[in-house]
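First the structure, in the form of structure tokens, and then the observations on it.
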Amino acid sequence: MLFGDFEYDTAQKLLSRKGVPIKIQPQPLKVLAALLERPGEIVTREELRASIWGEGTFIEFDQSLNYCVRQIRIALGEGPADPVYVETLPKQGYRFIFPIHAETIARVNLDGVETQTIPPRDFRKQISWAALALCLVGLASWVAFRWNQSHMLAEVRSIVVLPFTNNTGNPNLNYLANGFTSELIRRIAVVPGLKVIGINSSLAVMGKKMNSVEAARQFGVGTVLTGSINGSNQDLAVELEVTNGQNGTVILNRSYKLGPTNLAAMQTILVTDIAHSLDRRLGNEDRKKQLAGLTDNPQAFDLYLKAQTLTEQLNPPGLHKAIELYSAAIKKDAQFAVALSQMAAAHLYLGLFFEDPREHMPLAKTMSLRALAIDDSLAEAHGNLGLVALTYDWDYHEAQRQLILTNGRINPAAIQILACSTHLMSQTVRSVNAEQEIRQVLSVNPLSAALWGELGCTAYYRRQYELALQGYKRALTMQPDLITAIWGLGKSYGQMGAYQQALDSLEQSPKPHGMYPAVILGEMGYASAKKGDKKSAFAALDNLRQMATQTYVDPYFRAQIHHALGDTPATLAALEEAYKVHSSILIAIHSDPKWDDLQQNLKFLELEHRIGF
């Protein structure tokens with residue numbers, strides 16, 4: 001039995017929407033089936049008692065029936081004030097009132113492709129003229145309600161997706177909760193007229209308890225989406241709620257049965273329901289954008305979600321495991337362009353922040369090109385290519401081609417991976433205003449510590465060190481262990497001549513494996529040398545050399561210590577090593593104030609020329 005997007009299978013006793021089962025308890029489903037058997041007719045409460053509960057049932061029957069009807073409304077996405085499917089007739093019973101049109105109803109499979117058409121039953125002969133008049137009155141009321149609702153929704157055209165929770169008790173399913181969060185954000189971003197808060201800011205409140213009004217205030221949005229994964233491995237469901245952040249009223253509350261083979265299709269239905277609840281509509285082009293580069297293979301999509309969760313942890317073991325999972329997903333579906341692009345991003349993270357760039361940046365480039373060969377519309381893949389061109393190939397024309405959008409803005413996908421891309425691009429493309437770019441992205445990612453830290457960077461490279469300190473300190477209030485912000489504080493104090501303050505700030509850095517990260521050691525050595533403490537500076541050099549016997553260490557960090565010690569030959573030799581390994585930081589020698597006094601050195605200028613300046 002078909003009605004709108006819904007289908008009730010009488011044989012299997014299963015309610016579904018566009019082929020995706022909807023979780024609903026047996027008793028409410030029996031009530032819905034009874035109403036569907038007599039569409040357009042009043043089914044009295046006594047009739048429902050007799051057919052479902054039994055003649056002898058009296059205790060708590062009213063509460064039970066009311067509960068069943070509420071569950072039906074939740075499943076169908078309607079409220080009692082504006083019924084679309086089930087009408088309540090006080091002191092009488094209920095009636096299934098969904099209007100039946102003369103056109104045939106298309107049955108849609110999980111891919112949204114029409115597979116067959118089924119002529120609807122004509123229930124109009126069963127409805128009296130009086131009932132029709134009542135329906136018209138109800139329709140007028142519904143139109144008035146929707147008109148008022150549309151004005152209310154005009155104020156809630158922005159949304160934050162709070163991190164989904166895993167209520168199954170099985171920690172192995174955390175990836176599903178995380179995956180639903182990140183994928184919904186990515187897909188909602190294509191809904192026209194709806195601003196969605198970015199994933200970094202969403203994850204910043206993971207584990208924090210707040211109601212919808214508090215969340216809306218913190219993120220500066222009108223709407224809040226919360227969700228959870230519930231049930232067991234064999235009976236999983238997604239619970240979703242969209243709330244008006246101004247007054248806490250619920251706009252949408254729905255439960256979806258989560259089968260093992262329909263994760264990707266489920267995401268599509270969720271986004272459609274969310275858009276409709278906010279009076280937004282997805283056109284064909286919007287749907288294409290939402291599905292761009294994805295897969296129909298459920299196993300591939302599951303592997304992809306697991307890899308995404310590991311990527312977001314941003315540590316080398318997690319990134320390497322993520323690459324393995326992305327690779328496995330691509331083996332399941334060689335056309336899975338988004339997985340190729342995200343695999344490239346994992347290589348980018350490793351090459352930019354943790355390991356030898358020569359081992360990862362060429363792979364990031366290859367994976368991104370493969371993704372774009374499948375779907376050239378993927379902004380993430382273009383962003384990956386732009387970052388490789390900018391920090392590894394030093395090809396600034398190609399970086400501009402991949403990173404600058406038609407509206408003149410920097411590709412936000414690249415900024416999410418490397419916030420520094422804004423001030424780096426401003427060095428090579430004069431039209432780029434780094435601070436303006438960051439503030440634009442902050443409007444949809446207000447709790448991103450990395451972006452607030454990048455505001456500090458833009459001020460640092462303008463030699464506005466007090467402003468730089470403000471940006472870095474703001475970032476550290478959000479994420480006290482953010483190494484790039486700690487590094488920025490040390491750099492800024494160092495250029496102000498406050499070397500002890502620089503060292504005190506740098507010492508607040510976390511010490512993975514019992515030792516400061518190379519980037520912090522390098523800045524400590526620089527500040528110590530500038531302060532006149534050569535012993536500590538040489539100790540930092542020794543520590544960097546020792547670290548390099550066990551893991552990759554960018555030679556750039558040694559170069560800055562040699563420079564602070566006044567050893568120009570050793571400085572240039574270390575910078576030459578950094579050039580050979582394609583150091584992702586080497587591009588900074590053109591604008592970092594600590595290198596200003598080498599701008600007359602011919603060998604230094606020749607090195608700048610080789611990296612594109």
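Overview of values
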{"item": "Excluding exposed DSSP-loop GluC sites (Glu not before Pro) (at most 11 other C-beta within 10 Å), longest clean stretch of the chain", "result": "104-613"}
{"item": "Cross-link partners of Lys306 among lysines (Cα-Cα below 16 Å; sequence separation of 8 or more within a chain)", "result": "Lys321, Lys331, Lys332"}
{"item": "Under 5 Å, built H, 5+ apart or other chain: amide partners of Leu89", "result": "Tyr94, Arg95"}
{"item": "Table column - 3J(HN,Hα) (Hz), the range 421-426, Karplus curve with 6.51, -1.76, 1.60, x for Gly and Pro", "result": "4, 5, 6, 5, 5, 5"}
{"item": "³J(HN,Hα) computed for each position of the range 465-481 - Karplus, 6.51 cos²θ - 1.76 cosθ + 1.60, integer Hz, glycine/proline x", "result": "6, 5, 5, 4, 4, 4, x, 5, 5, 4, 4, 6, 5, 8, 9, x, 9"}
{"item": "Extension gain from Glu37 to Lys209, taking 0.36 nm per residue of separation minus the Cα-Cα distance", "result": "57.5 nm"}
{"item": "Distance (nanometres) between label positions extended 7 Å along Cα→Cβ at Thr44 and Gln63", "result": "2.5"}
{"item": "Per DSSP, loop trypsin sites (Lys or Arg not before Pro) in the range 426-524 with at most 14 further Cβ within 10 Å", "result": "Arg430, Arg463"}
{"item": "Computed helical MRE - 222 nm, the chain, DSSP H runs ≥ 4 contributing -39500 (n - 2.57), nearest 500", "result": "-16000 deg cm²/dmol"}
{"item": "At R0 = 30 Å, FRET efficiency that the Cβ-Cβ distance of Ser443 and Gln500 yields, to 0.05", "result": "0.20"}
{"item": "FRET efficiency for Gln470 and Arg217, using Cβ-Cβ distance with R0 set to 22 Å, rounded to 0.05", "result": "0.40"}
{"item": "Modelled FRET efficiency - R0 30 Å, Asp542 with His590, Cβ distances, 0.05 increments", "result": "0.55"}
{"item": "Å² of accessible area per residue within the range 375-428, as computed with a 1.4 Å probe and no ligands counted", "result": "36"}
{"item": "With every protein chain in place, the chain: carbon and sulfur % of accessible area (1.4 Å)", "result": "53"}
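The values are calculated or read from the model by the stated rules, or taken from the named source; none is laboratory data. All figures in this text were calculated on a predicted structure; none of them were measured in a lab. Here Cβ is always computed from backbone atoms with ideal geometry, including for glycine, and neighbour counts include all displayed protein chains. Note: accessible area is taken over every heavy atom of the protein model, side chains too, but ligands, DNA and RNA are not part of it. Shrake-Rupley method; radii C 1.70, N 1.55, O 1.52, S 1.80 Å.
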